[in-house]
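Derivation of every value follows stated rules applied to the coordinates shown; laboratory data play no part. Since the structure is predicted, the reported quantities are computational estimates derived from the model, not experimental observations. As a convention, Cβ positions derive from the backbone with ideal geometry for all residues, glycine included, and neighbour counts pool all protein chains shown.
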């Protein structure tokens, strides 16, 4: 399993750079992609608010991705606490503008001992600093 951040799903749905790499992850039946429920919220927010997509369209596309093998993982209390600690330890307004949702993604990957796929530089840096395997998109 590979944990995807919101950027990876947004890139896939918008045909942006990295979309091909994300699409290939869906082709691995025994090792498909997953995303934290918190990052699903981020996908919806970005596509509706920033890219002016209709909410119903975004939800429909996310539904199709789950049918196609995307596993949506819950945010447990343990993951939430670890995400808070990661944010406190790695966030800096200028040098490392990690979102809390990024840290939830990283905490989920670490909790499940899985790799994390992203094109987000600060998230890649934090994941590598924490010893989490990464896939750069």
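If you check 3, 13, which single one turns out to be touching a helix residue (DSSP H, G or I) at 6+ places or on another chain (Cβ under 8 Å), part of a strand (DSSP E or B) and in contact (Cβ under 8 Å) with a residue 12 or more places away in the chain?
3
Can you name every residue in region 63-84 that is over 12 Å from residue 38 (Cβ atoms) and buried (at least 19 other Cβ atoms within 10 Å of the Cβ)?
Those that are over 12 Å from residue 38 (Cβ atoms) and buried (at least 19 other Cβ atoms within 10 Å of the Cβ): 65, 70, 82.
Kindly indicate whether residue 38 is touching a residue at least 12 places away in the same chain (Cβ under 8 Å), buried (at least 20 other Cβ atoms within 10 Å of the Cβ), within 11 Å of the chain's Cα centre (by Cα) and over 21 Å from residue 136 (Cβ atoms).
So residue 38 fits the description; yes.
Look at region 98-131 and say how many of its residues are surrounded by 18 or more Cβ atoms within 10 Å (Cβ to Cβ), in contact (Cβ under 8 Å) with a residue 24 or more places away in the chain and either more than 14 Å from the chain's Cα centre (by Cα) or in a helix (DSSP H, G or I) (or both).
Of the residues in region 98-131, 11 are surrounded by 18 or more Cβ atoms within 10 Å (Cβ to Cβ), in contact (Cβ under 8 Å) with a residue 24 or more places away in the chain and either more than 14 Å from the chain's Cα centre (by Cα) or in a helix (DSSP H, G or I) (or both).
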